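Enquirer: Got a structure for you, questions after.
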Amino acid sequence: LPPSERLEQELFSGSNTGINFEKYDDIPVEATGSNCPPHIESFSDVDMGEIIMGNIELTRYTRPTPVQKHAIPIIKEKRDLMACAQTGSGKTAAFLLPILSQIYADGPGDALRAMKENGRYGRRKQYPISLVLAPTRELAVQIYEEARKFAYRSRVRPCVVYGGADIGQQIRDLERGCHLLVATPGRLVDMMERGKIGLDFCKYLVLDEADRMLDMGFEPQIRRIVEQDTMPPKGVRHTMMFSATFPKEIQMLARDFLDEYIFLAVGRVGSTSENITQKVVWVEEPDKRSFLLDLLNATGKDSLTLVFVETKKGADALEDFLYHEGYACTSIHGDRSQRDREEALHQFRSGKSPILVATAVAARGLDISNVKHVINFDLPSDIEEYVHRIGRTGRVGNLGLATSFFNERNINITKDLLDLLVEAKQEVPSWLENMAYEQHHKGGGSQVCIQSIERQCKSLELIKHHFLLPFIGGGYGGFYNSDGYGGNYNSQGVDWWGN
Ligand code: AMP
């Protein structure tokens, strides 16, 4: 399509400043699996076509992030992929770039024929060529926004559907055409049952933040979408899974959904890298508010601060308190309407309200790229959640700060937190060390020990040596060999993409 100044302004005006690539480049990546394609060093090492290359330039991504260096050639070679990588590593572009480039090269194929036939009977069912499943509406919207950037000047139309928002509006948007669909599982099942979406020609399936989706109880919906409807089987479709952790449930899903896959482990962004300075301070419950004010005053007005609290009520109360103290702040939690949450995020991102008070669930998967300071006003009870939270700062190599308030209510996280601080080469308060030591020698040790073993089971070595699932044979069944769609669908005034 011809360029549009207005669209370029809308899609690409955000900045990617402050990226500390030198540190980011150190993050280790390991690829395991038969005939793994070699990684790339620059975007131009792989042919992704004119549209993609033009859009990479517009986004000002000068070089691929570690996950992109490895995942792009793997996906380009049509290999299934299981990647342990977190939000913030650049994983969205890692799958969108090669998928879109292949869609541009191959065209709509049978999806277009099906849509036309369907249209003849007055139904407006859409047959997306690619489906991306994500756990939360916020993450789905972010992926959709990134897809719009890389679909710029192409005829591919990305759409997004998620729960909690007006379904009528989403249906009307789908009916304008949908080649790449980003969806939360519940809303997608609803759309399928209403006959609005058919997955019969879905060639590319992505499960993003798969562990979060399972945590949130979406497994039945995911299996319904992938296994119990019209989606092409594994080996025919091309499947990619992304997950921050690789517990047993995810291994099962990988075994069921992926075919002869490559396993990619990307070092944690945040915990093992030293991009984030982590501070743990002892603060008793009644002192938390005044301590918070001290921190906010020290941070400076222009930088974004994300404050985590445990409960929705706590979030409201803290927002009120800060507001009355004269701070521009907003909050995001499960009881706020979708509209309120989007508005709050917008206020925060734009810097109008540079303080965001959030509960963990509401903040999951958010890409707020220039958060300077994450404050755990209330620490979570498990370390995975802690890692997720502090990962909101120091994204893609930016330098960040995470401060956690610790008191006797957080005893259960002592040992894990200590290990993590040591692993990330952070300063460890001596009281924390003493507490971990005492706990271990007081018989609280067995619980800590179990947690520690469980955590280690998630580590790379064990994943590689014990859990990496057997690669099962099977080809692509000639699905990609279909031809006959060489740009000549214009006969009825409809272009290549059915627009
Ligand atoms: P993600 O992990 O996909 O949520 O990406 C995190 C952030 O990194 C997003 O704001 C992206 O726009 C940005 N990003 C992704 N890839 C690159 C790159 N190669 N260079 C610079 N920024 C990037």
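Enquirer: Do we find that GLN86 is in contact with a strand residue (DSSP E or B) (Cβ under 8 Å, 6 or more places away or on another chain), more than 22 Å from ARG148 (Cβ to Cβ) and either open to solvent by 10 Å² or more (accessible area, probe 1.4 Å) or modelled with pLDDT of 95 or more (or both) in this structure?
Expert: Yes.
Enquirer: Another question, if that's okay. Residue check: is ASP367 at pLDDT below 90, within 16 Å of the ligand (Cβ to nearest atom), within 25 Å of LYS91 (Cβ to Cβ) and open to solvent by 30 Å² or more (accessible area, probe 1.4 Å)?
Expert: Judged against the criteria, ASP367 is a match.
Enquirer: Could you look through segment 98-126, keep only residues that are in contact with a helix residue (DSSP H, G or I) (Cβ under 6 Å, 6 or more places away or on another chain), at pLDDT 90 or above and over 13 Å from HIS179 (Cβ atoms), and pick out the one that is nearest to the ligand (Cβ to nearest atom)?
Expert: PRO98
Enquirer: Also, I was wondering about something else. Any residue at all in segment 190-200 that is under 21 Å from GLU138 (Cβ atoms) and within 22 Å of the chain's Cα centre (by Cα)?
Expert: Within segment 190-200, not a single residue is under 21 Å from GLU138 (Cβ atoms) and within 22 Å of the chain's Cα centre (by Cα).
The values are calculated or read from the model by the stated rules, or taken from the named source; none is laboratory data. As the structure is a computational prediction, the values presented were derived from the model and not from experiment. Here the Cβ is made from the backbone with ideal geometry for all residues, glycine too, and neighbour counts use every protein chain on show. Each accessible area value is taken on the protein alone, full model and side chains, heavy atoms only, with ligands, DNA and RNA left out. Shrake-Rupley method; radii C 1.70, N 1.55, O 1.52, S 1.80 Å.
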